[in-house]
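Notes for the one structure printed next.
Each reported figure results from applying straightforward, stated rules to the coordinates on display, with no laboratory input. These numbers come from a predicted model, not from an experiment. Heads up, the Cβs are rebuilt from the backbone with ideal geometry, glycines too, and the neighbour counts pull from every protein chain shown.
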Amino acid sequence: MLLLGIETSCDETAAAVVRNGREILSNIVFSQMSLHRKTGGVVPEVAAREHAVKIIPVIEEALKKSHQKLSDIDAVAVTRGPGLQISLMVGTNAAQTLALVLRKPLIPVNHIEGHMYATFAKRKFSPKFPIVILTASGGHNELVLWKNHGEYTFLGSTLDDAAGEAFDKGARLLGLPYSGGPAIEELAKDGNPRTYPLPFPFLSPWNPRKGKFNFNFSFSGLKTALFYFLRDFQGRKDQSLRTDLAASFQHSICEVLASKLVFAAKKFHAREVHLGGGVSANSYLKKLVRQKMKALGLSKTPFRFPPLSLCTDNAAMIAIAGFYQYQKKPWLYQRWKPLTPLPNFPVKNWPRKAIIGM
Ligand code: KG4
Ligand code: ZN
């Protein structure tokens, strides 16, 4: 089954052609990064206008690279949300028009589920459920017990900033360009992560006060700590302060993410441990996850994360998630229905509230 995937939830205009949820024939991403660098973040109207300009050329390029014709496509999968309403509208309008003209199924995909399925690219063996997965990016930070295709138990999420957002805001304070994650990772390479005592917010998976597990995250206080640290050290503008602070900041975020992921994997007897989302591009995070898996006796449990090209937003992951969604209930997508974006699209079947003893 040949799927055309379309993704426009934030600041990447993307289209991909994927066969059977596994073989990526093309994966075109037009990044608006340079545009948003001027404002230090994404302005929704600017992003949506750029999507409108780029969406058709990007789809055409994806078809050309895949050596497939539009008429070869069996279904169109598109990000319905979460994301920026007017950015999503460009992708959903393009997808529903194509599906209508081609008389093919239209599969609305949840963006977070897309990130979760990015590790399925080129996968030869069936996944071993349950999987414990952390998806961390600019807009979301979810720890999930993945029991089967489309069956999830929500363990925790961020109470304020997502990890990627914390990287972006921290980078701004450190005078680094957007997008902050890669910039901090690069600067932190030469730094000592233990030089400055930044906090580790919500590090413990156990809340002794409430006598309950706590798999939630909170990163806004860490950003504030960095702000005060920089203010108090205003006199020192040397490079070693910035590199060590970048390393300490990265260490604080990654230590919390890795600890909670690996603890949850142990507690819920995960048969695989996964990472997804833009922050999964971070090598230091992956190193810490490996170390902690070893320390908790999980070195034989497979640890999977997407290739770099599928960590940040792309349409191949949307086509992969759409393929599995379609396989589960194909009858849902046979008749064309109008598709509106859902900026706060909840992943289907996720309980709204965390349910693990919280
Ligand atoms: O998944 P994504 O492309 O977009 C959202 O769905 O939000 O993730 C983008 C986020 C940004 O906040 C960026 O700073 C972060 O992922 N990111 C990284 C790295 N590469 C991207 N964070 C840490 N280290 C990286 N290497
Ligand atoms: Zn994303």
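Details
- Among ARG290, ARG231, ARG103: highest mean-square fluctuation, GNM of the chain, C-alpha pairs under 10 Å: ARG231
- Assigned charges on the beta-carbon of Lys, Arg, Asp, Glu; segment 161-293 dipole about Cα centre (debye): 560
- Using θ = phi - 60° and Karplus 6.51 cos²θ - 1.76 cosθ + 1.60, couplings along segment 59-67 (whole Hz; Gly, Pro as x): 5, 4, 5, 5, 5, 4, 4, 7, 6
- Applied to segment 186-195, the Karplus parametrisation 6.51 cos²θ - 1.76 cosθ + 1.60 on θ = phi - 60° returns per-residue 3J(HN,Hα) values of 5, 5, 5, 4, 9, x, 9, x, 9, 6 Hz, with x for Gly and Pro.
- Distant-in-sequence amide H partners of ASN207 (H built 1.01 Å from N, under 5 Å): LYS212, PHE213, ASN214
- Distant-in-sequence amide contacts of SER218, defined by a placed amide H-H separation under 5 Å and a gap of 5 or more residues or a different chain, comprise LEU159.
- Using a cut-off of 29 Å between Cα atoms, the listed pairs LYS64/LYS104; LYS294/LYS328; LYS128/LYS328; LYS287/LYS329; LYS128/LYS329 include LYS294/LYS328; LYS287/LYS329 as exceeding that distance.
- As a proxy for reagent exposure, ranking MET293, MET116, MET317, MET1 by other Cβ atoms within 10 Å from fewest up yields MET1, MET293, MET116, MET317.
- Spatially proximal aspartates and glutamates relative to LYS122 (Cα-Cα < 16 Å; intrachain offsets below 8 disregarded): GLU23
- Annotation for segment 168-201 versus segment 89-128: alpha-carbon center distance of 33 Å.
- Those lysines that a straight Cα-Cα span of less than 26 Å connects to LYS38, excepting residues fewer than 8 apart in one chain: LYS54, LYS169, LYS189, LYS223, LYS237
- Sequence of SER137, SER248, SER9 once ranked by neighbouring C-beta atoms within 10 Å, starting from the fewest: SER248, SER137, SER9
- Phi-based couplings in Hz for segment 210-217 (Karplus 6.51, -1.76, 1.60; Gly and Pro marked x): 8, x, 9, 6, 9, 9, 7, 10
- Beta bridges assigned by DSSP with both partners in segment 64-199 are antiparallel in approximately 70 percent of cases.
- Residues whose placed amide H lies under 5 Å from that of ALA121, excluding near-sequence neighbours: none
- Euclidean distance of C-alpha centroids, segment 224-290 and segment 1-54, integer Å: 27
- Using alpha-carbon coordinates, inclination of helix 85-102 to the longest axis of the chain, degrees: 30
- SER240-PHE200 FRET efficiency (beta carbon distance; Förster radius 30 Å; 0.05 resolution): 0.85
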